[in-house]
Amino acid sequence: MMSRRARLRLGLALLPALMAAACALGERQTGRLVIASTTSTEDSGLFDVLIPAFEAAHPGMHAVVVAVGSGEALELGRQGDADVLLVHSPAAESAFVAEGHGYDRQPVMYNDFVIVGPRSDPAGIRGMDDAARALGRIAAAQETFVSRGDQSGTHMRELGLWRTAGIEPAGSWYRDAGQGMGEVLGIASESGGYTLTDRGTYLFLSERLALEVLVEGDPRLRNDYSVILVTRAKNEAAARAFHTWIRGPEAQAIIGEYGVDRFGRPLFTPNAGATVP
Amino acid sequence: MSLLRAEGLRRRYGRRLVVDVDALEVGRGEVLAVLGPNGAGKSTLFRLLLLVEPADEGRILLEGRQVRPGDREARHRVGGVFQRPYLFSGTVADNVAYGLRARGLSKRERDARVAEILALLGIESLAGAPVNRLSGGEAQRVALARALAPMPGLLLLDEPTANLDVTVRRRFRADLERMIRTLAGAAILITHDPADAFALADRIAIMEDGRIVQTGTPEEIALRPASPFVAAFTGAELLGGGRVVAYEDGIAVVELEGTTVRLGAIAPEGATLSPGTQVRVAYRPEDIILAFPDATLGANPENRIPTRVASLGPAGGLVRVRLDGDVPLIALVTRHAAQALELAPGREVVACIDASAIRVFPTG
Amino acid sequence: MELFTQSLREAARLLFEASPYLVEIVVRSLRVSGSAVLLGILIGIPIGIAVGLGRFRGRQIVIASIHTGFALPPVVVGLFVYMLLSRSGPLGSLELLFTPTAMIVAQALLAAPYVAGITLAAVQAVPPEVRLQALALGASPRRALWTHVREARLGIGAAVVAGFGAVISEVGAVMMVGGNILGETRVMTTAIVLETRRGNFAVAIALGLILLALAFAVNLALTRLQQGRWTAMVAASRDREPVR
């Protein structure tokens, strides 16, 4: 039976050991590649396939994905906390490169946005091929529209469409949620409203949503993904390796097939080698 | 040489002088009581003497050596028991062993000493009991055992019986006396209860408003109180003011204010009570003898005041008699006397009190 | 409704089978929050004791600051730590961003005020005469202080439990500084957010149930600590009267 004092000393002696063990949890960060990407890309599960493939092709390299909104991903690039970006916000990306924070912006894949809404479609936009005018009708009818509001690629695209339609959305019908795509779709579904979404996230959640695809196919709804090298990257070599690999045949093939088994069609269309949008 | 001596001890809280003690000492083997009403500064004095609070002025000498709070040797020789038990969480045995652990005794020594003390107090059965299951009286005993286990050279106690029911108080007092005299080298008892002081102490120091106003044996304090305050505090009754009208052969005749009653009183030593001196008068109820109005008592001169019984009440095994006549009095008589005198409200009697039992204190 | 029960059943199955994905996340959550609380204890208990027992100028301000720490929004703490650990930040060279260590640091900052504040209250609730009585029994000042603090140990235990409860269920800080990286910095709360977004409700519910169970266990421990001895503490504090 140990005296109380001895027990206390033992406990205190173990303390540094416990802390060291805790710190050891983070030992793999030296030499790792930090990829900043978006939540919708992460949500699609594409990285669960891409990353293991990348690491297999590059033994010794360890890649991690930090998934945040496009705006935040670009900010991580500015701060130098990410080595390479895979985002889908063309206007912001151009500015990012123009300001010198990144370089060698190249296309990787694209998918598309769709406008979804309730089956009843009170604003009557089903089947329209002009996304901007569809939004205009929603505004005119003052039907609920839920926005990402988070400077994400989706949000930027939505704002661009409003601009094209010549409308500044305001009023109680326009709900600025400030959240991710999944949450926004949930809000739209519950309140019987419309929203702009990437097709991938919609497909994932469609079972639970009372929403249908109402407008699709407008070229303005194309969602282009680019890979950008970060000027202040820490792990330049790995960043370059990823930048090259993801536009290479192996990665592009993986991208072209991803989603087929679950949805019957790929979620993304690979287009490395095309011109930068 | 005294064991503990305090000189010129002063302590202020803000602007108020809470303790202002010129001299206080206790000798080896002695029990000193510091007796005073609440607010007299006794608890502060307790903490100063215990060296857990620093005095603003003055010094404390332990066997001739000055000590201050933090003094190592003093810490091990002077022990204290606070008014509330403040038992530490754990068992009774853990608590009683606390001071022994602090002094580095081995486990065997500690266990032996603890068992001894608990037996002395008759609470061996409580040794393993957790302290939150103890009654008030038990807790007080454990606190006492805890303080005495290290056999301190000097033990200070703050209101040791204040938290106890009246019924357990007497029993506890007896144990307290026995334990202190057996296990402590000397003790200072801080109390507001004259019963504690008179029962336990060899000497009593009366404290009023931070100052010691009289120090002496219990007899001296009771029979020769130095001031009306001391007299009243130790059980005397005050008769109010009076004026000396005659003084001869050490006996002063005092006329009580607002009455025609004159009492003969023996002047206190060294006092000259010239006629005209204003005085305050006090007496002890037990010094009044009641008699039938027409009785003739001894030949010695004494004060005889015709009066009438106002009410009777019990006082321990005695009878407290309130008398109202020219001057209100209180007498303490035996039951036997009360019966023999057929005391009842309205009964006319004579209150007799010897001149030596009247205390006068010059005020002018 | 059909979907809901289906997810619940699926969640139960995942729990029952102890899927490796779940296990890894839960273990990491416990490690991160546990280490954070340990760190919070190292910082918080000494501060709580010092402020609880000390008398110094500005003490009120310090106490108010500690209590303000109770209301720190985790995401704000996360942002602050992110800015510290970012490569463009002062501690960027430590390369701690997006690692469990960063998460531990952020959560420790969240837990420490709880530990300090509740320790402070517990230590103050012990009557000051306890320490004096210990001194009067021959204890050295250090031993007497320890005796006083020991009387507060139940309250201090509650402080630790409260600190743990505060961090095990937060998501803002660990998301910001951890990045929710699969296999490295994903914990229960961030995983729930992610899986919900992805539509994997079963996983989210399973994790949520585990989190609820943990939170309940924590609160049960806290309640027992407080209730069980609360009556004793109340009795002891009622015994106190002004020492004059």
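A short reminder: the numbers here are calculations on the coordinates, not readings from a lab. Note that the structure is predicted; figures quoted are calculated from it, not measured. We place every Cβ from the backbone using ideal geometry, glycine too, and count neighbours over all the protein chains shown.
Using a 10 Å cut-off around each Cβ of peptide A:175-184, what is the average number of partner chain Cβ atoms that fall inside?
Values: counts 0, 0, 0, 0, 1, 4, 1, 7, 3, 0.
Mean number of neighbouring Cβ atoms from other chains: 2.
Taking a ≥ b ≥ c as the square roots of the Cα gyration tensor eigenvalues, with a/c under 1.5 meaning rounded and otherwise prolate when a/b beats b/c, else oblate, which class fits the stretch A:132-199?
Here the stretch A:132-199 falls in the oblate category.
Quick check: from the Cα gyration tensor, does the stretch B:165-210 come out rounded (a/c under 1.5), prolate or oblate? Please report the intermediate quantities before stating the final value.
Working: a/c = 2.48, a/b = 1.20, b/c = 2.07.
Verdict is oblate for the stretch B:165-210.
Take every Cα pair under 8 Å in the stretch A:91-222 that's 6+ residues apart, average their separations, divide by the length, and report that relative contact order as a whole percent.
Values: 201 pairs, mean separation 53.9, N = 132.
It comes to 41 percent, rounded to a whole number.
Find the Rg to Rh ratio for chain B, where Rh is the Kirkwood radius over alpha-carbon pairs and Rg uses the same atoms.
Details: Rg = 24.5 Å, Rh = 23.0 Å.
Ratio of gyration radius to Kirkwood radius for chain B: 1.06.
Simple spin-label model, 7 Å along Cα-to-Cβ: B:Gln339 to C:Ala50 in nm?
7.6
Grab the Cα-Cα distance for C:Asn219 and C:Gln60, subtract it from 0.36 nm times how many residues apart they are, and report the gain in nm with one decimal.
Working: separation 159, 0.36 × 159 = 57.24 nm, distance 2.92 nm.
Full-extension gain reported as 54.3 nm.
Restricting the calculation to Cα positions, tell me the Rg (one decimal) and the Dmax (whole number) of the stretch B:98-204 in Å.
Both quantities, over Cα of the stretch B:98-204: 13.9, 41 Å.
Net charge near A:Asp112: determine it from the other residues with C-beta under 9 Å of the C-beta of A:Asp112, scoring Lys and Arg +1 and Asp and Glu -1. Present the calculation step by step, with values, prior to reporting the outcome.
Details: positive: A:Arg199, A:Arg222; negative: A:Asp198, A:Glu216, A:Asp218.
My count for the surroundings of A:Asp112 gives -1.
Going by how many other beta carbons lie within 10 Å of each one, how would you line up B:Arg169, A:Arg126, B:Arg75, fewest first?
Values: B:Arg169 20, A:Arg126 14, B:Arg75 24.
Result, fewest neighbours first: A:Arg126, B:Arg169, B:Arg75.
How large is log10 of I(q)/I(0) for the stretch B:51-160 at q = 0.10, 0.15 Å⁻¹ when the intensity is taken from the Debye formula with one equal scatterer per alpha-carbon?
Each listed q corresponds, in turn, to -0.31, -0.66.
Distances over 43 Å make up what percent of all Cα-Cα pairs in the protein assembly as shown? Working shown, then result.
On the way: 219581 of 391170 pairs.
Taking all Cα-Cα pairs of the protein assembly as shown, the fraction more than 43 Å apart is 56 percent.
Output the 0 to 90 degree angle, nearest 10, between the alpha-carbon long axis of helix C:201-239 and the longest principal axis computed from the alpha carbons of chain C.
10
Does the stretch B:1-104 come out rounded, prolate or oblate by the C-alpha gyration tensor, with a ≥ b ≥ c the root eigenvalues, rounded set by a/c under 1.5 and, if not, prolate when a/b is larger than b/c and oblate if not?
Details: a/c = 1.87, a/b = 1.41, b/c = 1.32.
It comes out prolate by the Cα gyration axes.
Only helical DSSP H runs with n ≥ 4 go in: add -39500 (n - 2.57) per run for the protein assembly as shown, normalise by residue count and round the 222 nm mean residue ellipticity to 500 deg cm²/dmol.
On the way: 34 runs with 408 residues, N = 885.
Computed ellipticity for the protein assembly as shown at 222 nm equals -14500 deg cm²/dmol.
At a 10 Å Cβ-Cβ cut-off, how would you order A:Ser40, C:Ser169, fewest neighbours first? Mind showing how you got there, number by number?
Details: A:Ser40 28, C:Ser169 17.
Result, fewest neighbours first: C:Ser169, A:Ser40.
Taking the alpha-carbon set of the stretch C:112-161, what are its Rg and Dmax in Å?
Considering the stretch C:112-161 through its Cα atoms, Rg and Dmax are 11.5, 35 Å.
Based only on other Cβ atoms within 10 Å, what is the fewest-to-most ordering of B:Ile221, B:Ile330? If you can, show how the numbers build up before the last one.
Numbers: B:Ile221 27, B:Ile330 18.
Fewest to most other Cβ atoms nearby, the residues stand as B:Ile330, B:Ile221.
Roughly how many debye, to the nearest 20, is the charge dipole of the protein assembly as shown about its Cα centre, given +1 on each Lys and Arg Cβ, -1 on each Asp and Glu Cβ, and no other charges?
Numbers: 92 positive and 89 negative charges, 443 e Å.
Its charge dipole is roughly 2120 debye.
Just the Cα atoms of the stretch A:61-112, one point each, no solvent: what log10 I(q)/I(0) does Debye give at q = 0.15, 0.17, 0.21, 0.28 Å⁻¹?
Those come out to -0.40, -0.52, -0.78, -1.30, one per q.
Would you mind pulling out the separation of the Cα centroids of the stretch B:295-364 and the stretch C:37-83, in Å?
The stretch B:295-364 and the stretch C:37-83 have Cα centres spaced 72 Å from each other.
From the mean inverse distance of alpha carbon pairs (Kirkwood) and the Cα radius of gyration, derive Rg over Rh for the stretch B:144-253.
Numbers: Rg = 17.7 Å, Rh = 16.1 Å.
So for the stretch B:144-253, dividing Rg by the Kirkwood Rh gives 1.10.
Quick check: net charge around B:Arg169, other residues with Cβ under 12 Å of its Cβ, Lys/Arg +1 and Asp/Glu -1? Let's see the in-between values first.
On the way: positive: B:Arg170, B:Arg171, B:Arg173; negative: B:Glu159, B:Asp165, B:Asp175, B:Asp193, B:Asp196.
That works out to -2.
Taking N as the number of residues in the stretch A:85-133, what is its Cα Rg relative to 2.2 N^0.38 Å?
Details: Rg = 16.7 Å, N = 49, 2.2 N^0.38 = 9.7 Å.
Compactness ratio reported: 1.73.
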